[in-house]
Structures are given as C-alpha cells and as structure tokens.
Amino acid sequence: MLGELEADHGASFHSPDELGIEGDFDETGETFEENALGKAQFFAEAAAALGHEGLLTVADDSGIFIEALADELGLKTRRWGAGHDASDEDWLAHFMQRMEVEENRRAKFVCASALVLPDVAAEDQVFLKETCGEILRELEVPAKPGIPLSSVFLADGSEAVYAALDIAEKNRLSHRGRAFAELLKFLKNSLDG
C-alpha cells in the first residue's frame, strides 16, 4: 500500500533492521492510538540517534475485540491466551478452543496507523479504523504467518475471510488497509500540496 508513494513520489521505505535499530517499543499505551504513536516516535528517535534524521516514520497497532470474550483480547490480542511467544498455530488453536462454547461470534478488528513527521513543528498523525464481522467455527483457509485470525474472521459484507482475499480486496475491507489508506491519503495531499 505504501508502495504507491514509491511509485508516485520516488519514496523509499526502510525497516528498523535495515537502519540498524535494535530494541522495540514496549506497548504500554491504554489505546491503539497511543501504542501506534509510541512505536512511531520510538523508531523515529532511534533512527535519528543513528544518523538517519529527517525520516517520516510509520507504525501501527491493532487487535480484535470479541463480544463473547468481553475485554479479554483488545490491546493485548497477541499476548492473550497461548501468549506472545506461541506459534501462530498454537495461538489460533487456543483461541478456537476457547471460542467453541460461544454462540455469539461477533467481533471487531481495530487498527491505528501513526505517522511521525521529521519537522518538529508538524503535528504527528494517527488514523483509526475498524472492521466488524464474525468468527467462523472452522478455518476457511490455512493460517497466514503473523496473522492467524485472518483465516477465521469474516468481515461484514465479505464472502470470504481475510486470508482468502486478494491484497486489493483485503486492503479495501480490512481495518489495517483502511487505516493505512487514510495515512497514505494524508501523505499524498501533503506531498502534492
């Protein structure tokens, strides 16, 4: 999705590893917005400390809310249940076992995308989007690495789970795709203005 900036404006993107950044942001925020912005600020400062000043820095935070599980997941989605260090398969197996007895399968994915600008006078930006849907009782397709719930989450209005959609359709429907679309729109307007 951010590749559109590469094509349209000659932008290039670098991962923390490519810049030599070590360490990670401790997600202690009370909202997705706080965590996304905290990550972006952390990596912007780490990049500047290594001599990479003036970079736009992008980060996100996301999770899922399951109506039947009240506040069990949300901000701590990946740390919930089988835990952060569990394999995708183990985490998903634990989740599906926990959901077996639940009749209410309604769920909501939430994503905050954050942008930290190199100009200290510029205001950092955060874009929040959510997608409602339901959790299926069985995997529709095999789990994708890093996003195991995408094989059982059926967004409202979709005929297939996230993991079964092509990239363009998933970006159009998904919480993350829509949050980054807003960020991209902001960047394009800024660059074109």
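The values are calculated or read from the model by the stated rules, or taken from the named source; none is laboratory data. Bear in mind that the values here come from a model prediction, so they are computed numbers and not experimental data. Glycine gets a Cβ as well: all are built from the backbone with ideal geometry, and neighbour counts include every protein chain shown.
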- Query: So which residues in the range 63-112 are within 18 Å of Val161 (Cβ to Cβ), assigned to a helix (DSSP H, G or I) and within 17 Å of the chain's Cα centre (by Cα), if there are any at all?
  - Reply: Asp88
- Message: I'd like the residue in the range 45-62 that is crowded, with 18+ Cβ neighbours inside 10 Å and small (Gly, Ala, Ser) and, out of all such residues, is nearest to Lys129 (Cα to Cα).
- Response: Ser62
- Message: Let me spell it out: the conditions are (1) within 27 Å of Asp71 (Cβ to Cβ); (2) surrounded by fewer than 14 Cβ atoms within 10 Å (Cβ to Cβ), and Asn189 meets all of them except one. Which number is the exception?
- Response: (1)
- Message: Among the residues that make up the range 70-78, is at least one of them surrounded by fewer than 21 Cβ atoms within 10 Å (Cβ to Cβ), farther than 20 Å from Ala112 by Cα and of a type outside the set (Phe, Trp, Tyr)?
- Response: yes
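With touching a helix residue (DSSP H, G or I) at 6+ places or on another chain (Cβ under 7 Å), of a type in the set (Ser, Thr, Tyr) and farther than 30 Å from Leu19 by Cβ as the only criterion, which of Thr57, Thr131 stands out? Lay out the reasoning, then the answer.
Details: Thr57 fails: farther than 30 Å from Leu19 by Cβ.
Selected residue: Thr131, the only one of Thr57, Thr131 that is touching a helix residue (DSSP H, G or I) at 6+ places or on another chain (Cβ under 7 Å), of a type in the set (Ser, Thr, Tyr) and farther than 30 Å from Leu19 by Cβ.
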- Query: Scanning for something surrounded by 14 or more Cβ atoms within 10 Å (Cβ to Cβ), in contact with a strand residue (DSSP E or B) (Cβ under 8 Å, 6 or more places away or on another chain) and either on the phi > 0 side of the Ramachandran plot or in a helix (DSSP H, G or I) (or both), does the range 113-123 turn up at least one residue?
  - Reply: no
- Sole exception among (1) over 27 Å from Glu45 (Cα atoms); (2) at pLDDT 95 or above for Ser150, by number: (2)
- Message: Could you check the range 1-36 and list, in sequence order, the residues that are part of a loop (DSSP other than H, G, I, E, B), modelled with pLDDT of 90 or more and exposed (fewer than 14 other Cβ atoms within 10 Å of the Cβ)?
- Response: Gly20, Glu22, Glu30
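Could you tell me whether the range 134-142 includes any residue that is touching a residue at least 60 places away in the same chain (Cβ under 8 Å), under 25 Å from Asp156 (Cα atoms), touching a Lys or Arg at 6+ places or on another chain (Cβ under 6 Å) and buried (at least 21 other Cβ atoms within 10 Å of the Cβ)?
The initial filter retains those residues of the range 134-142 that are touching a residue at least 60 places away in the same chain (Cβ under 8 Å), namely 135.
This time we only want the ones that are under 25 Å from Asp156 (Cα atoms), so: 135.
Then keep just the ones that are touching a Lys or Arg at 6+ places or on another chain (Cβ under 6 Å); that gives 135.
Among the residues that remain, those that are also buried (at least 21 other Cβ atoms within 10 Å of the Cβ) are: 135.
Within the range 134-142, one or more residues are touching a residue at least 60 places away in the same chain (Cβ under 8 Å), under 25 Å from Asp156 (Cα atoms), touching a Lys or Arg at 6+ places or on another chain (Cβ under 6 Å) and buried (at least 21 other Cβ atoms within 10 Å of the Cβ).
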- For the range 147-193, name all the residues that are farther than 29 Å from Glu103 by Cβ, small (Gly, Ala, Ser) and without any contact (Cβ under 8 Å) to a residue 60 or more places away in the chain. Ala168, Ser190, Gly193
- Task: Those residues that are in a strand (DSSP E or B) and of a type in the set (D, E, K, R), I need them from the range 124-136; list them, please.
- Result: Lys129, Glu130, Glu134
